[in-house]
1. Taking segment 181-196, which residues are assigned to a helix (DSSP H, G or I) and among the small types (Gly, Ala, Ser)?
2. Against the conditions (1) open to solvent by 60 Å² or more (accessible area, probe 1.4 Å); (2) modelled with pLDDT under 70; (3) within 25 Å of residue 154 (Cα to Cα), where does residue 84 fall short? Just the number, please.
3. If we scan segment 142-162, do we find a residue that is within 15 Å of residue 110 (Cα to Cα), of a type in the set (Lys, Arg), surrounded by 17 or more Cβ atoms within 10 Å (Cβ to Cβ) and in contact with a Leu (Cβ under 8 Å, 6 or more places away or on another chain)?
4. Of all residues in segment 31-67 being open to solvent by 100 Å² or more (accessible area, probe 1.4 Å) and not in a helix (DSSP H, G or I), which is modelled with the lowest pLDDT?
5. Given the conditions (1) of a type in the set (A, V, I, L, M); (2) within 25 Å of the chain's Cα centre (by Cα); (3) open to solvent by 70 Å² or more (accessible area, probe 1.4 Å), which single one is not true for residue 165?
6. Look at segment 170-194 and say how many of its residues are basic (Lys, Arg) and farther than 16 Å from residue 139 by Cα.
7. Please enumerate the residues belonging to segment 172-212 that are basic (Lys, Arg) and open to solvent by 30 Å² or more (accessible area, probe 1.4 Å).
8. Which members of segment 115-137 meet the condition of being in a helix (DSSP H, G or I), farther than 19 Å from residue 206 by Cβ and either in contact (Cβ under 8 Å) with a residue 24 or more places away in the chain or in contact with a strand residue (DSSP E or B) (Cβ under 9 Å, 6 or more places away or on another chain) (or both)?
Amino acid sequence: MAKHSKSKRSRKSSSSSSSDSDSSSSSASSSKSFSSTFSDIIKLKSKRFEVSKRKSSVLANWIVKGLGEKNLKAAREAYRPDVKRDKKASVSASELFTNPKLDETFYAALKSTKNSNASMPNIDQLEKVYRKQTDVVLDMAKPLLFLLERKSKRSYKDTKALKTLSLLWAHLFREITHSRRLNILSQTHPNHIGLLSRAAEKLPVGGEDLFGTEFVNELISQVKTASLMNSSAAGPSATSTPGKRKRSPPPLQDSRKDKSNYSFDRYVKPPFISKIDLPIAGRTAHFVDAWAHLTKDPWYTAERINGCRSARSLFS
């Protein structure tokens, strides 16, 4: 009797261990098959199928009339996934179902750019729309992940359909998130939009902040580098360069048409003229005698010099 009970226990333990090994192997095989999605989808041929009249009419009714707040809330709360974190992976989706909000850094930058004191949810209307759409897209992923994680056997066609749906969902989520970031960055730092693609690995997948601390630090570093490059390329101004003498402007050209009586050597070296004390009124008339030494231009001689001499007699 004791031997019989022992044999039963051994059978149970062996069956339980075999079931555990089967479940672990099945989960490993499912994860392995899920990782090979891209190659499977590329090989997949296009399949045509029909949607019944009843199902198409129900979908059309939902689209036109809506689901109603009560039904929508029930659908959103029907599945509650718990996403595990892979410590070995470079990118984690453990916070996937946390719809990120705008970072404080970018919120302050938007307030300065728009000269606005609006609250964070209302600082940008397009971001408000994108964030609401993100809530809907995240709700779509919950039943999808539930079907992907089920251990029940599926047909080859059903497996491929679920994998295709997961790829399309990931693409939709990525596009909406990228549009959110591009909308904000094009307003605050339009010269650094390319950083979204160059530093894509620093951007979080879900979480509290839309950009994350790593990306913000990278952006600050890029802005500082660009500022230094611009200042070094501009260089010091010519006026502030020490030891550099200013070039004297070229002599003014004579604008009179008749230059036949002028000689090219009409400017001569003047003799030394000592400083003298002269009254302010009529001072120019006291220098008419020096004009004959300064120039041979006939325009300054004759009646003009004589006129100044006559004017000097009024102030002498």
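1. Matches in segment 181-196: 186 only.
2. (2)
3. No - not one qualifying residue is present in segment 142-162.
4. 45
5. Checking residue 165 against (1) of a type in the set (A, V, I, L, M); (2) within 25 Å of the chain's Cα centre (by Cα); (3) open to solvent by 70 Å² or more (accessible area, probe 1.4 Å), the one that fails is (2).
6. Count: 2.
7. Listed by number, the residues that qualify are 174, 198, 202.
8. Listed by number, the list holds a single entry, 126.
The values are calculated or read from the model by the stated rules, or taken from the named source; none is laboratory data. In this text the structure is predicted, and so the values were computed from the model without any measurement. Note that each Cβ is placed from the backbone with ideal geometry, even for glycine, and that neighbours are counted across all protein chains shown. The area values use the complete protein model at the heavy-atom level, side chains included, leaving out ligands, DNA and RNA. Shrake-Rupley method; radii C 1.70, N 1.55, O 1.52, S 1.80 Å.
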